[in-house]
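Everything on this sheet refers to the single structure shown next.
The values are calculated or read from the model by the stated rules, or taken from the named source; none is laboratory data. These figures come from a predicted structure and were not determined experimentally. Every residue, glycine among them, receives a Cβ derived from its backbone with ideal geometry; neighbour counts consider all protein chains shown. Remember, those area values only see protein heavy atoms, side chains included, never the ligands or the DNA or RNA. Shrake-Rupley method; radii C 1.70, N 1.55, O 1.52, S 1.80 Å.
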Amino acid sequence: MNSQKRILGMICIALTGLVSGPAPADDLDQLANGMIQLINQIQKDKNPTGNITRFNQGKSLGCFNAEFDVAEGLPAELGKGLFQKPGRYKSQVRFASASTFDDSEKDLRGMSIKVFGVAGESLSGVNGEQHFLLNSYPALFVDTPETFYKFIQATYQDKRWKFFLNPLDSHLNSLWIVFKARDNHSSPFDIRYWSTTPYALGDGKPVKYSVEPCSTISSELPSSLTENYLRDSMQKHLAQSGVCFDFMVQPQTNDSDMPIEDSSVIWDEDDSPFQKVARINIEAQDFSNPAALASCEKVTFNPWQSLPEHEPLGRMNQVRNKVYTFTSRFRLGENSRRQSR
Ligand code: HEM
């Protein structure tokens, strides 16, 4: 990045009091504003021409039309909100790589789900859609939104190592989680995903989500990994057979081992196993032609696009509503301005 521009940007942001340290812990709105400014600037600097990609989960591996089937006969404590009665919903699923654009590099994958035709008012966005956002590792690499803010600051300063290894303020547990979470996966269709942050389930116990493959086949990891081998694997899978995932919830059984406010803690499945509430089916379709990939770039997700029965819980989720709304708006607005030039 042009160093003069970076210095100017730093001064502007420092003047608004954002680089001098995270916002006060109780002021999540200020924290969200700080994140938005930095994220938008990072994305602009990283993509000075062409398309601005998402700050997280930037490489679209593919967007798919899917069916979301709510299971029959769920016990009363699970049958809340979307899961209140059995039903088949149209759905869209996006798979992505978190930070790399070359599939041969190890990375975390993301799975974002939209369920359409949902009855009831949404907490945010438009009515009729329920969104779920998941990652391919059960813990987030940071514990609180304040720590996430420090990571974004370090990214803006192009000094991520400082976030992880600064002797005065190191984040070794974050480094360890990133190390464990990154992998060369055989296919996004073969792996499990987790919400990492908790959500309400009606008036019952908080839950975390996980999505687990239930397809009859899986892919082999190719002996030589190419830049787009993950799309090739998904194409080969769909040419042979449909794709199936089970959508599951894990109720919280206690607040000490299963905290709401520390996203880096994995809730133990021995203490509380995940329970299936729905199934996702994806049939053969052409998802990797240029038009399909371009339209995948325009899709947006937000965990707050949700029925109140599935309200996102905890401070980490709290800041996400504003961040997703304004960073995606900026990304799409900037991209359409650039295309019309
Ligand atoms: C404070 C915490 C977080 C911040 C600031 C944050 C920030 C972002 C941003 C800026 C985007 C791109 C939005 C866009 O341009 O459309 C994004 C996308 C995404 N994030 Fe987060 N994120 C946070 C926590 C999480 C957590 C806990 C998960 C858990 C799984 C997650 C999963 C995802 C996924 C899957 C996407 C891709 C959405 C898509 O397919 O468009 N994020 N995040």
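Within the range 125-138, if we keep just the residues that are away from the ligand (no atom under 14 Å from the Cβ) and open to solvent by less than 40 Å² (accessible area, probe 1.4 Å), the residue that is nearest to Pro303 (Cα to Cα) turns out to be Gln130. Annotation note: of Asp286, Asp271, the sole residue that is open to solvent by 70 Å² or more (accessible area, probe 1.4 Å) and touching a Ser or Thr at 6+ places or on another chain (Cβ under 7 Å) is Asp271. Taken over the range 289-307, the criterion of being open to solvent by 70 Å² or more (accessible area, probe 1.4 Å) and in contact (Cβ under 8 Å) with a residue 12 or more places away in the chain is satisfied by Lys298 alone.
The number of residues in the range 314-329 that are surrounded by fewer than 19 Cβ atoms within 10 Å (Cβ to Cβ) and among the hydrophobic types (A, V, I, L, M, F, W, C) comes to 1.
Among residues of the range 126-137 that are without any contact (Cβ under 8 Å) to a residue 40 or more places away in the chain, those with a Cβ under 7 angstrom from a residue that is of a type in the set (Gly, Ala, Ser), sequence gap 6+ or separate chain, pair up as Gly128/Gly117. Assessment of the range 289-307 against the conditions (away from the ligand (no atom under 16 Å from the Cβ) and either modelled with pLDDT under 95 or part of a loop (DSSP other than H, G, I, E, B) (or both)) yields at least one matching residue. Does Asp271 satisfy being closer than 26 Å to Asp232 by Cβ and of a type in the set (D, E, K, R)? For Asp271, the condition - closer than 26 Å to Asp232 by Cβ and of a type in the set (D, E, K, R) - is not met. Out of curiosity, is Ala200 hydrophobic (A, V, I, L, M, F, W, C) and within 25 Å of Ala292 (Cβ to Cβ)? Criteria not met by Ala200. Filtered by the rule that a residue be loosely packed, with under 15 Cβ neighbours inside 10 Å and over 19 Å from Met234 (Cβ atoms), the range 100-119 gives Phe116, Gly117, Ala119. Of all the listed residues (Phe68, Phe64), the sole one being under 28 Å from Pro206 (Cα atoms), aromatic (Phe, Trp, Tyr), under 20 Å from the mean Cα position of the chain (by Cα) and part of a strand (DSSP E or B) is Phe68. In the range 139-258, counting only helices (runs of 4 or more DSSP H) that sit wholly within it, the ones holding 2 or more residues that are within 15 Å of the ligand (Cβ to nearest atom), crowded, with 17+ Cβ neighbours inside 10 Å and hydrophobic (A, V, I, L, M, F, W, C) span 145-156, 172-181. Looking for something assigned to a strand (DSSP E or B), acidic (Asp, Glu) and within 14 Å of the ligand (Cβ to nearest atom) - is there at least one such residue anywhere in the range 103-110? For the range 103-110, residues assigned to a strand (DSSP E or B), acidic (Asp, Glu) and within 14 Å of the ligand (Cβ to nearest atom): present. Consider the range 64-99 and keep the residues that are open to solvent by 20 Å² or more (accessible area, probe 1.4 Å) and among the hydrophobic types (A, V, I, L, M, F, W, C). The one that is nearest to Trp194 (Cα to Cα) is Ala71.
Scanning the range 84-102 for residues that are part of a loop (DSSP other than H, G, I, E, B) and of a type in the set (Gly, Ala, Ser) yields Ala98, Ser99.
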